[in-house]
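The values are calculated or read from the model by the stated rules, or taken from the named source; none is laboratory data. Every value quoted in this text rests on a predicted model; they were computed, and no experiment measured them. Neighbour counts are summed over all protein chains in view; Cβ atoms, including those assigned to glycine, are modelled from backbone coordinates with ideal geometry.
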Amino acid sequence: MRRTLLVTSALAAACALAPLAQADPPADPALKVQAVYGPEQFPMAGVAADIAPCGGGANLATITTGNDGTAVYPGAPGCYRVQIGTPVGCALDGDAALELTSVPGSTPVATFRFRCA
């Protein structure tokens, strides 16, 4: 019994003296897409947005807004073109495509406003 207590005490002391591992902070997403409707700007779930490089080329990803009306693209910093789809029964106020430049430490937001019947 004494040996068990001695071993347990030694392990506890070693754990207390060991430096804590530090986790890397989560990386900032490259961009955020927000879809809202009406004058109150209620969030719109289920709106799809295609993400492509600004210079052209194939789509990098398609993201879909969640219940809070937002979606994030976790890519690297750079210039992105966001093309939003318009849900049935809604009209978009503004352009369907926006270009955003992402830099470390900042997440640009592409906000799309809809009018829905």
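Counting the residues of the stretch 84-117 that are of a type outside the set (Gly, Ala, Ser), farther than 17 Å from Tyr37 by Cα and under 16 Å from the mean Cα position of the chain (by Cα) gives 6. Sub-9 Å Cβ pairs linking a first residue in the stretch 71-90 that is on the phi > 0 side of the Ramachandran plot and touching a residue at least 40 places away in the same chain (Cβ under 8 Å) to a second residue that is buried (at least 17 other Cβ atoms within 10 Å of the Cβ) and not in a strand (DSSP E or B), at least 6 apart or interchain, are Gly78/Ala30, ordered by first then second residue.
Applying the condition of being among the hydrophobic types (A, V, I, L, M, F, W, C) and farther than 12 Å from Ala35 by Cα to the stretch 48-62 and asking which residue is surrounded by the fewest Cβ atoms within 10 Å (Cβ to Cβ) yields Ala58. Note on the stretch 63-78: residues that are among the β-branched types (Val, Ile, Thr) and exposed (fewer than 15 other Cβ atoms within 10 Å of the Cβ) amount to 1.
Considering only residues that are part of a strand (DSSP E or B) and more than 14 Å from the chain's Cα centre (by Cα), look in the stretch 26-47 and name the one that is farthest from Val82 (Cα to Cα). Even if it seems obvious, please write down each step before you answer.
The first filter runs over the stretch 26-47 and keeps only residues part of a strand (DSSP E or B), leaving 31-37, 42-43.
Now restrict to residues that are more than 14 Å from the chain's Cα centre (by Cα): 36-37, 42-43.
Details: Val36: 16, Tyr37: 18, Phe42: 21, Pro43: 18 Å.
Per the stated criteria, the residue is Phe42.
Is it the case that some residue within the stretch 21-36 is surrounded by fewer than 10 Cβ atoms within 10 Å (Cβ to Cβ), modelled with pLDDT of 55 or more and more than 27 Å from Thr101 (Cβ to Cβ)? No; the residues of the stretch 21-36 include none that is surrounded by fewer than 10 Cβ atoms within 10 Å (Cβ to Cβ), modelled with pLDDT of 55 or more and more than 27 Å from Thr101 (Cβ to Cβ).
For every residue, the table says whether it meets (1) at pLDDT 95 or above; (2) touching a Gly at 6+ places or on another chain (Cβ under 6 Å); (3) surrounded by 14 or more Cβ atoms within 10 Å (Cβ to Cβ); (4) of a type outside the set (Lys, Arg).
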{"residue": "Tyr80", "(1), (2), (3), (4)": "yes, no, yes, yes"}
{"residue": "Val88", "(1), (2), (3), (4)": "no, no, no, yes"}
{"residue": "Leu98", "(1), (2), (3), (4)": "yes, no, yes, yes"}
{"residue": "Thr107", "(1), (2), (3), (4)": "no, no, yes, yes"}
{"residue": "Ala110", "(1), (2), (3), (4)": "yes, no, yes, yes"}
{"residue": "Ala117", "(1), (2), (3), (4)": "no, yes, no, yes"}
